[in-house]
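Below is one structure; the comments refer to it alone.
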Amino acid sequence: MKEIDIPKNYDAKTWEDALYQKWKESGLFDPDTCIQAGITDESRPTFSIVLPPPNVTGRLHVGHAAMLAIEDTIVRYHRMKGDRTLWIPGTDHAAVATQSKVEDILWKEEKKTRYDFSREDFLARLAAFAKESRSDIRHQIEKLGSSVDWSREAYTLDSERSLAVRTAFKRMYDDGLIYRGYRTVNWSVKGQSTCSDDELEHIDRKATLSTFRYSKDFPIAIATTRPETKLGDTAVAIHPDDERYKKYIGKVFDIPSFAGGPALSITIIADAMVDPAFGTGAVGITPAHSHTDYDVYLRHKEEIRFTQGGEAVIGQDGRMTDSAGKKYAGLSVADARAKVIDSIRTEGLLEKEEAVDQTVGTSDRFKDVVEVIPMQQWFIDVNKTFSRNGREVSLKELMRESVSSGRVTILPERFTRTYFHWIENLRDWCISRQIWFGHQIPVWYRNDEIFCGVDAPSGEGWRQDEDTLDTWFSSGLWTFSTLGWPDREAKDFKTYHPTTLLETGYDILFFWVARMILMSEYLLEANPFDTVYLHGLVRDAEGRKMSKSLGNIIDPLDVTETHGADALRIALLSGATPGNDVKLSEEKILAMRNFTNKLWNLSRYVAAMSSPSSEKPQVKSDADRYIIDTLSFIQASVTAHLEKYELSLAAEELREFTWSDFADWYVEVHKIEKNDALLRQVFDTLLRLWHPFMPFVTEAIHETLHLNQSPFLMVAPWPHREEKLPAKPGAEAPFELLKDVIIKIRNVRSIYRIDPTRNMRIGVRAGSETILVNNKAVLEAIAHIDAIENIGSDTPENAVLIQAGTLQIFLYLDDVIDKEQELARLNKELEETLKYIEGIKARLSNRAFMDRAPEHVTQAEQSKLETAQEKARELESWIRVILT
RNA sequence: GGGUGAUUAGCUCAGCUGGUUAGAGCGUCACAUUGACAUUGUGAAGGUCACUGGUUCGAGUCCAGUAUCACCCACCA
């Protein structure tokens with residue numbers, strides 16, 4: 001063994017940052033540079049992907065790490081394959097999330113609220129915070145080895161993206177798809193802002209369902225869990241076919257004062273949405289404080305009023321308004337509820353109270369139960385039709401068609417159904433937010449004039465709308481706002497859109513993926529991406545969500561620091577299939593860290609035990625043949641898996657080959673055969689196959705060994721199956737035999753040490769080389785050869801010589817086998833095999849089977865029968881061998 | 001209320017359109033080890049494929065139902 005100065009263990013820390021810097025400085029993350037450098041051909045297909053922009057609220061978590069690992073692996077594969085590969089990084093300003101985070105900090109550190117600042121100053125604080133976060137995030141993305149093109153980095157709130165947002169807004173406004181309307185919205189009292197339906201988190205809670213009448217002479221009792229809203233009721237809805245109440249339809253009842261509060265005028269209407277079997281079969285309608293009631297109101301606009309004349313009964317401060325009457329005005333919702341119940345109970349109007357389970361929507365950002373109140377807000381109308389290529393379509397339809405036509409494929413497929421279901425139930429999207437951080441709505445007012453434009457109108461006295469846009473409005477444009485749109489002639493836009501793949505978590509399918517499809521289909525008449533790969537959540541070893549309160553958060557930076565980015569990446573990838581959650585544990589990371597070290601030590605072996613040679617790699621032995629054949633199979637298989645985004649399977653196969661076939665077996669063979677050129681070639685191929693998964697350790701090895709000419713392994717060509725070496729001429733017959741043996745040996749997972757001092761038991765001799773093997777399971781393999789005859793029985797002592805062509809196999813019987821035991825085992829196996837043969841024969845002579853089974857099945861049966869019969873013959877002859 | 005997924009070894013999971021005796025990793029136990037690597041190697045033990053029916057020559061795999069768990073959606077007020 002040569003002296004080598006490679007440390008025994010792979011130390012990620014000494015390599016990772018330096019390697020990343022080199023990659024970055026080379027500019028090869030940028031496809032344009034790759035083309036200039038002659039690494040990528042301009043005629044190659046493109047592979048483009050945008051990084052789902054992390055929120056600038058703070059540090060990345062392990063879920064981001066999983067996302068980066070998956071995307072980087074795919075991206076690196078395509079880059080090596082020679083595709084014009086573009087991966088655009090960026091960050092999301094995450095409007096509400098970031099603003100509330102900064103508000104928290106300001107309160108904690110300076111005891112100030114945003115109202116202690118001017119809008120301008122407050123936004124400056126936010127910008128500073130975001131800048132800091134972005135730099136942190138950038139650092140973390142790099143730490144994981146992500147090969148993103150930093151020269152194209154984007155931010156959802158920078159000037160280019162702002163232009164895209166204003167342009168998109170104006171187009172939708174001009175088409176009448178964005179409207180300003182007074183209607184019910186979800187209102188977070190705590191956050192003093194709206195939130196969209198998707199931002200609601202539904203929680204279960206107990207509630208009291210109270211059944212009562214508005215007044216003594218009101219003919220119908222109604223049930224509710226929100227008695228305080230009943231102060232604003234304008235109608236009672238019943239089912240059109242409900243015989244009990246049919247006669248009241250269209251009647252109007254005046255209640256002088258409900259529960260000591262305001263006067264109500266209640267119209268009885270018929271609506272099919274009412275379930276006659278629930279409660280009393282009648283629903284009190286409060287159009288101002290319930291989305292469903294609002295929908296009822298829209299259907300019966302002619303018959304009923306929105307409120308009882310005044311304003312809604314609950315205000316933006318979460319308290320009852322003057323319209324709720326003197327008795328209730330100013331009370332909190334909870335207090336008002338108690339008081340209403342109190343009042344109707346004393347009046348004898350309360351008929352029943354029962355406990356029910358109820359789900360209520362809470363703001364996922366502010367955690368308070370949202371109030372439904374009517375407000376003047378901006379909406380995107382998803383149902384309004386507009387003309388598109390000569391037909392009338394709605395945004396909803398565009399979103400549906402993008403997927404149903406197959407232009408967009410969702411992985412896993414089951415989410416397609418979820419997606420359609422969501423579209424069915426989609427309501428207009430409320431896009432205005434009453435916060436300061438974000439894209440201010442590009443609409444200006446002057447007296448009664450209203451102006452929507454990409455830029456502010458000229459002239460004096462215009463005042464811009466103070467609201468900002470829902471953050472998902474700008475992220476919806478992400479696949480093309482990052483590529484130069486609205487300049488339709490931008491080179492990137494023309495080259496890379498639609499993007500090839502969108503990889504993101506299934507939890508934002510609706511928030512983001514659906515919005516991107518909406519925006520892209522509407523603005524560009526194109527799908528934003530061809531395939532959506534939805535990954536799962538990263539959970540802890542027990543399958544729990546990672547959260548601060550459980551204290552089970554794994555910080556990706558900690559892991560890269562201690563075990564290296566490669567170990568973390570591969571731990572996150574293994575077991576990750578689309579749509580399924582991944583469990584991550586310290587043990588898993590350790591196991592993968594061990595694997596990176598295994599690879600590292602293979603490189604030490606290659607460096608120390610082989611020499612670089614100019615010789616062309618050649619297949620010189622059967623072992624060579626086997627390893628090359630297997631490798632070419634693995635190459636093909638890994639490539640196929642990567643094409644289908646089955647990263648976990650690809651990594652698993654590679655790992656199995658690397659550890660069992662290459663490290664545990666072929667390296668041992670090499671110790672006697674010394675086919676250095678081939679060893680190096682195989683290892684080189686292996687490193688390339690591994691590179692997308694474990695970029696750092698493979699690049700580090702490449703830098704040490706330089707097994708190929710590429711400046712970086714990162715841009716070394718992806719191994720293709722065609723690169724298979726030619727077979728050694730004139731070695732066919734015995735060669736095939738030994739290959740068979742070796743394959744069988746491999747299948748029983750036995751290992752061969754070539755150390756004669758150890759109690760080796762079987763020697764396989766091929767030409768002048770002898771391979772010693774020590775597993776009794778190999779006997780089966782030997783038996784296979786035995787079937788080809790030529791059994792000798794002398795040399796050396798206590799051994800049987802089996803010969804097939806030029807191939808000789810020694811079997812050291814006495815060492816190996818307890819004859820009795822082995823005979824029993826063989827007999828048992830023979831018996832089972834015979835039974836199995838009977839079974840197949842029975843099947844083949846079974847009329848029903850032969851009639852109904854498809855031809856390929858009967859053929860398979862036939863060949864199975866032959867195999868089994870052969871096996872039986874082998875077993876029999878092997879038994880004869882032992883008996884002699 | 002509707003939907004989706006899961007249930008296979010002690011643990012985590014593979015198992016493709018049904019086809020021999022259901023596989024792997026981790027863990028456990030035994031053994032080995034001056035050797036590229038103890039971050040190692042060889043081997044062993046370990047399973048009524050959740051349950052009940054059905055289809056089939058044949059079911060872990062397909063169908064129906066049941067149970068348990070998880071998640072998503074939702075206009076029972």
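Values quoted throughout were computed directly from the atomic coordinates according to the rules given, and no laboratory measurement underlies them. Worth saying up front: this structure is predicted, and the values here are computed from it rather than measured. Counting neighbours? That spans all protein chains shown, and the Cβs are built from the backbone with ideal geometry, glycine included.
Some observations on this one:
- Computed from label points 7 Å out along Cα-Cβ, the spacing between A:Lys545 and A:Glu449 is 5.0 nm.
- Under a 5 Å amide H cut-off, with hydrogens placed 1.01 Å from N, A:Thr362 pairs with A:Glu201, A:His202, A:Ile203, A:Val370 among residues at least 5 apart or on other chains.
- When the stretch A:131-252 is described by a simple charge dipole with +1 on each Lys and Arg Cβ and -1 on each Asp and Glu Cβ, the residue from A:Ile137, A:Tyr248, A:Val148 located farthest towards its positive end is A:Tyr248.
- Paramagnetic reach from A:Lys644 in the stretch A:526-544 [backbone N under 19 Å; point 7 Å along Cα→Cβ]: A:531-536
- In a simple Cβ point-charge model (Lys, Arg +1; Asp, Glu -1; nothing else charged), the stretch A:471-529 has a dipole of about 80 debye relative to its Cα centre.
- Where a label projected 7 Å from the Cα of A:Ala263 along Cα→Cβ would reach, residues of the stretch A:283-312 with amide N under 15 Å: A:308-310
- Difference of contour (0.36 nm per residue) and Cα-Cα distance, A:Asp317 to A:Arg388: 21.3 nm
- Sites A:Glu132 and A:Glu354 - FRET efficiency at Förster radius 41 Å, r taken between beta-carbons, to 0.05: 0.15
- Reduced Cα scattering model of the stretch A:403-507, Debye log10 I(q)/I(0), q = 0.22 Å⁻¹: -1.22
- Scanning residues 5 or more positions from A:Gly310 or on other chains, none has an amide H under 5 Å from its amide H, with H placed 1.01 Å from N in the peptide plane.
- Cβ-derived FRET efficiency at R0 51 Å, A:Lys108 paired with A:Asp217, nearest 0.05: 0.35
- Computed lengthening from A:Asp507 to A:Trp462, 0.36 nm per intervening residue step minus Cα-Cα distance: 12.1 nm
- Lys, Arg +1 and Asp, Glu -1 on Cβ, resulting dipole of the stretch A:188-243 about Cα centre, debye, nearest 20: 460
- Here the calculated FRET efficiency for A:Ile553 and A:Leu298, from their Cβ-Cβ distance with R0 = 51 Å, stands at 0.65, rounded to the nearest 0.05.
- Put simply, the convex hull of the Cα atoms in the stretch A:118-177 casts, on average, a shadow of 6.1 nm².
- Relative intensity, log₁₀ I(q)/I(0), of the stretch A:445-488 from a Debye sum that treats every alpha carbon as a point, q = 0.15, 0.16, 0.18 Å⁻¹: -0.57, -0.63, -0.73
- Segments A:193-204, A:242-253 sorted - mean Cβ within 10 Å per residue, highest first: A:193-204, A:242-253
- Judged by the gyration tensor of its Cα atoms, with axes a ≥ b ≥ c, the stretch A:35-130 is prolate; a/c meets the 1.5 cut and a/b is the larger of a/b and b/c.
- Shape call, the stretch A:1-81: gyration tensor on alpha carbons, a/c limit 1.5: oblate
- Averaged over residues, the count of other Cβ atoms within 10 Å places the peptides A:448-454, A:65-71, A:589-595 in the sequence A:65-71, A:589-595, A:448-454, highest first.
- Between A:Arg119 and A:Glu652, the distance separating the two model label sites (each 7 Å from Cα on the Cα→Cβ line) works out to 5.6 nm.
- Oblate is the label for the stretch A:368-417, because the ratio a/c of its alpha-carbon gyration tensor axes (a ≥ b ≥ c) is 1.5 or higher and a/b is not greater than b/c.
- Within the stretch A:496-538: backbone nitrogen closer than 11 Å to the A:Thr418 label point (7 Å, Cα to C-beta): A:505-511, A:534-537
- The gain in end-to-end length when the A:Ser613 to A:Glu401 segment is fully stretched comes to 70.4 nm, 0.36 nm per residue minus the alpha carbon separation.
- Using the average count of surrounding beta-carbon atoms within 10 Å as a protection proxy, the listed peptides A:172-184, A:465-477 rank, highest first, as A:465-477, A:172-184.
- For the stretch A:105-224, a simple Cβ point-charge model (Lys and Arg +1, Asp and Glu -1, everything else neutral) yields a dipole of about 480 debye relative to the Cα centre.
- Inter-label distance for A:Glu243 and A:Lys24, nm, one decimal - labels placed 7 Å from Cα along Cα-to-Cβ: 7.9
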